[in-house]
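> Here it is, the structure in full.
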Amino acid sequence: SLDFDYTCFTVNSASTGNIAIMLQNNVYNFGDDVYVDIDLWDLTVNNAYDLTWSLDNGSQTGTFSWNASNTWAGEQVILSGLSLGYHCIEFTLYDSASNSSLSYDSACVTISAPTPNLSAYIPYSNYDYGSNVSFEIYIDNLSVNNNYTLDWSLGNASQTGSFSWTANSSYLYDYFTLGGLSSGYYCFDAVLFDSNNTSLSSDSACFTIHAA
């Protein structure tokens, strides 16, 4: 007679998977949250995966771990409090059992200082002769510790003024009053400059001084 024996085994298919990063924008204002969406596809059902991410070579890190119930998946990372400048985030997909790398993707964003907005305001559009006229200035989105200059002119530069300051908050409100204006139509023009003398924002407001 012949003796025989046998052993059973299962050959598992190689783990697969791909990832791609999606960003809503490439440039964000300082203080904005950055939403990073990750699409995963061609996953092997029932396999265990680890998705690791790293911001700026490890300043922030994280890991998603799961057993695939579908051939696709999606994750999201929300980055907050990013400093001004250039930031890159990297994602790597691993097979949990073998710790082998399956796919990699990266994306970069720029965090920029928001552009200041200047608004010039005059309470009324018509004044009696001899009236004092108040001019109000509102500026927001300033960068703290940056230097700024505001130039203004009235009536085709018949009167001008300028003041400079270092921002200690993100907004500025100021006002001043002019009197002794002759009758006529006037426009108040204001321009905001940065420390490089680059024009950042401007606005104007007009009014009429009626004859006596």
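> For region 112-122, which residues satisfy the criterion of being at pLDDT 95 or above and open to solvent by 30 Å² or more (accessible area, probe 1.4 Å)?
Asn117, Ser119, Tyr121
> OK, next. Looking at (1) more than 30 Å from Phe193 (Cβ to Cβ); (2) open to solvent by less than 40 Å² (accessible area, probe 1.4 Å), can you tell me which one Leu102 breaks?
Checking Leu102 against (1) more than 30 Å from Phe193 (Cβ to Cβ); (2) open to solvent by less than 40 Å² (accessible area, probe 1.4 Å), the one that fails is (2).
> Also: In region 43-90, what count of residues is obtained for those that are farther than 19 Å from Tyr28 by Cβ and not small (Gly, Ala, Ser)?
19
Residues checked against (1) of a type in the set (Asp, Glu); (2) open to solvent by 80 Å² or more (accessible area, probe 1.4 Å); (3) in a strand (DSSP E or B); (4) out of contact with any helix residue (DSSP H, G or I) (no Cβ under 6 Å at 6 or more places or on another chain):
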| site | (1), (2), (3), (4) |
| --- | --- |
| Ser131 | no, no, no, yes |
| Thr160 | no, yes, yes, yes |
| Phe176 | no, no, yes, yes |
| Ser182 | no, no, no, yes |
| Asn197 | no, yes, no, yes |
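> Do we find that Val11 is aliphatic (A, V, I, L, M), in a loop (DSSP other than H, G, I, E, B) and at pLDDT 95 or above in this structure? First the steps, then the outcome.
On the way: aliphatic (A, V, I, L, M): yes; in a loop (DSSP other than H, G, I, E, B): yes; at pLDDT 95 or above: no.
Judged against the criteria, Val11 is not a match.
> Moving on. Of all residues in region 80-125, how many are part of a strand (DSSP E or B) and either free of Cβ contacts under 8 Å to residues at least 12 places away in the same chain or more than 30 Å from Ser183 (Cα to Cα) (or both)?
Adding up the residues that qualify gives 25.
> Inside region 179-212, can you point out the residues that are polar (S, T, N, Q) and more than 26 Å from Asn117 (Cα to Cα)?
Ser182, Ser183
> Now a separate question. Spot the failing condition for Asn126; the list is (1) open to solvent by 80 Å² or more (accessible area, probe 1.4 Å); (2) within 28 Å of Ser195 (Cβ to Cβ), and only one is missed.
(2)
> Assess whether Thr92 counts as being open to solvent by less than 60 Å² (accessible area, probe 1.4 Å), modelled with pLDDT of 95 or more and under 31 Å from the mean Cα position of the chain (by Cα). Don't jump to the end; show me each part of the working.
Values: open to solvent by less than 60 Å² (accessible area, probe 1.4 Å): yes; modelled with pLDDT of 95 or more: yes; under 31 Å from the mean Cα position of the chain (by Cα): yes.
The answer is yes for Thr92.
> Follow-up question, since we're still on this one. Among the residues of region 63-79, is any within 20 Å of Phe193 (Cβ to Cβ) and either open to solvent by 30 Å² or more (accessible area, probe 1.4 Å) or touching a residue at least 12 places away in the same chain (Cβ under 8 Å) (or both)?
Within region 63-79, the subset within 20 Å of Phe193 (Cβ to Cβ) is none.
Looking for residues that are within 20 Å of Phe193 (Cβ to Cβ) and either open to solvent by 30 Å² or more (accessible area, probe 1.4 Å) or touching a residue at least 12 places away in the same chain (Cβ under 8 Å) (or both), one finds none in region 63-79, hence no.
The values are calculated or read from the model by the stated rules, or taken from the named source; none is laboratory data. Just so it is clear, the structure is predicted and the values come from calculations on it, not from any experiment. FYI the Cβ positions are ideal-geometry reconstructions off the backbone, even for glycines, and counts take in every protein chain you see. Calculation scope for accessible area: heavy atoms of the full protein, side chains included, ligands and nucleic acids excluded. Shrake-Rupley method; radii C 1.70, N 1.55, O 1.52, S 1.80 Å.
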